Amino acid sequence: MSKLGNLGARLHRGEVGYDFVKNRKIWYGISILITITAILGLAVRGLNMGIEFQGGAVFTTPKNMSASVATAEGYAEDASGHDAIVQKLGDGSLRIQIAGIDTAKSDEIKDQLAQDLKVGAEQINADLVGPSWGDQIADKAWQGLGIFLVLVVIYLAIAFEWRMALAAFVALIHDITITVGIYALVGFEVTPGTVIGLLTILGYSLYDTVVVFDSLKEQTKDITKQTRWTYSDVANRSINSTLVRSVNTTVVALLPVAGLLFIGGGVLGAGMLNDISLSLFVGLAAGAYSSIFIATPLVADLKEREPQMKALKKRVLAKRAQAAASGVSPDAEPAGDERYDDEPEDAAAAVVGPRNQPASRSRGRGRPSGKRR
């Protein structure tokens, strides 16, 4: 077995692990700091909306143009007085986008570009783009996002419980806010591809979260019938048991997206790939982070406010204090230990960190279900 596979097996059995839930305040603080930075970037710099949302004109030059992208960009900005985005297409032609201009201005810019680029005006194709199409896309995207979030909350509340639904909702808003804020800080153009990317990352983020929640739901059955582990212990166990799986799926998903963003957009200069690849890259990374560091610790926080979980935690801590005072390991099972035959089977792995001796599976056999020793 590979080292990573061996680590995953040991994490699943509870032999090793990291206490994510115990350090949740650190993760909350980091997330709040990143979120505030994203919101400030959005408020100060704003989003660089593409021509589909602002309206404007797109000019396409003849094939095999000798002018460079930088030269054509300078010509376009001088002729229009607006910022221009220039891309060199595969056949050597130039695609020049200028937002916020009308039909009359478009004709003037076309003539000036033809003169600067030393081509005939009839050889430059000009297409006007109205902002109404982009507005329709934005409206549909907001409607789709709203419907998606409502359905997600309802589904998770039914399949799991409302606390998990609330935690997943917070994690999704966290991922969207960070992704949009990064767009504002970096200054990449927001296009319909960006909208598609934002809606796509919601599914990835939710997938990782549901995997952990499913493990948590299974391991917390009848948790109040034992006095060895708190809800936070089992929640931490759920994170560790699915950690390698979450990391593997995230890395595999990020590799092709990173290729689009850094190689396609950065090295090869295919700027049209930046709009969707940046949203996917940031969203996938933020989704993996939120499922591990935000969603599950938040569920543990909410659950341990319940009277039953408060009482359980009090009993567990009292038992651990008693064991420490008598010099007995809290993982051992002394003769007077309170244990039930219907105790969750996975609960024995809930304590984070290596165990000195695994609990004997032969203990407690032959006792009636639900009876104390």
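The values are calculated or read from the model by the stated rules, or taken from the named source; none is laboratory data. Here the structure is a predicted model, which is why all the values come from computation and not from measurement. Every residue, glycine as well, gets a Cβ built from its backbone with ideal geometry; the counts of neighbours run over all protein chains shown. The area values use the complete protein model at the heavy-atom level, side chains included, leaving out ligands, DNA and RNA. Shrake-Rupley method; radii C 1.70, N 1.55, O 1.52, S 1.80 Å.
Here's how it looks for Glu161: its modeled amide H is under 5 Å from none belonging to a residue 5 or more places away or on a different chain. The magnitude of the dipole of the range 155-234, with charges of +1 and -1 set on the Cβ of Lys/Arg and Asp/Glu and taken from the Cα centre, is near 280 debye.
Coupling constants for the range 215-231 follow from the phi torsions by the Karplus curve (6.51 cos²θ - 1.76 cosθ + 1.60, θ = phi - 60°), and in residue order they are 5, 5, 4, 5, 7, 9, 5, 6, 5, 6, 8, 9, 10, 10, 9, 7, 4 Hz; glycine and proline get x. State the percentage of accessible surface on the range 128-193 attributable to carbon and sulfur atoms; use a 1.4 Å probe and exclude ligands, DNA and RNA. Exposed carbon and sulfur together represent 75 percent of the surface.
A simple packing score, the average count of other Cβ atoms within 10 Å per residue, orders the peptides 246-253, 109-116 as 109-116, 246-253, with the highest score first. Taking a Cβ cut-off of under 11 Å around Leu198, the surrounding Lys, Arg, Asp and Glu residues balance to a net charge of -2, with basic ones at +1 and acidic ones at -1.
Along the axis of the charge dipole computed for the range 190-301 (Cβ charges of +1 for Lys and Arg, -1 for Asp and Glu, origin at the Cα centre), the listed residues Thr227, Phe262, Thr242 are led at the positive end by Thr227.
Taking chymotrypsin sites (Phe, Trp or Tyr not before Pro) across the range 11-110, the ones in a DSSP loop with at most 16 further Cβ atoms lying within 10 angstrom of their Cβ are Tyr18.
Amide H contacts of Ser93: Asn64, Met65, each under 5 Å away and 5 or more positions distant or on a separate chain (H built 1.01 Å from N in the peptide plane; Pro and chain starts excluded).
Past 19 Å, Cα to Cα, is the threshold; run Lys63/Lys105; Lys22/Lys314; Lys105/Lys140; Lys25/Lys221 against it and keep the listed order. Correct reply: Lys63/Lys105; Lys105/Lys140; Lys25/Lys221.
When Arg228, Arg95 are compared by accessible area of protein heavy atoms, the largest-first order is Arg95, Arg228, using a 1.4 Å probe.
Using only alpha-carbon positions in the range 33-125, the gyration tensor eigenvalues give semi-axes of 30, 15, 11 Å once each is multiplied by 5 and square-rooted (largest first).
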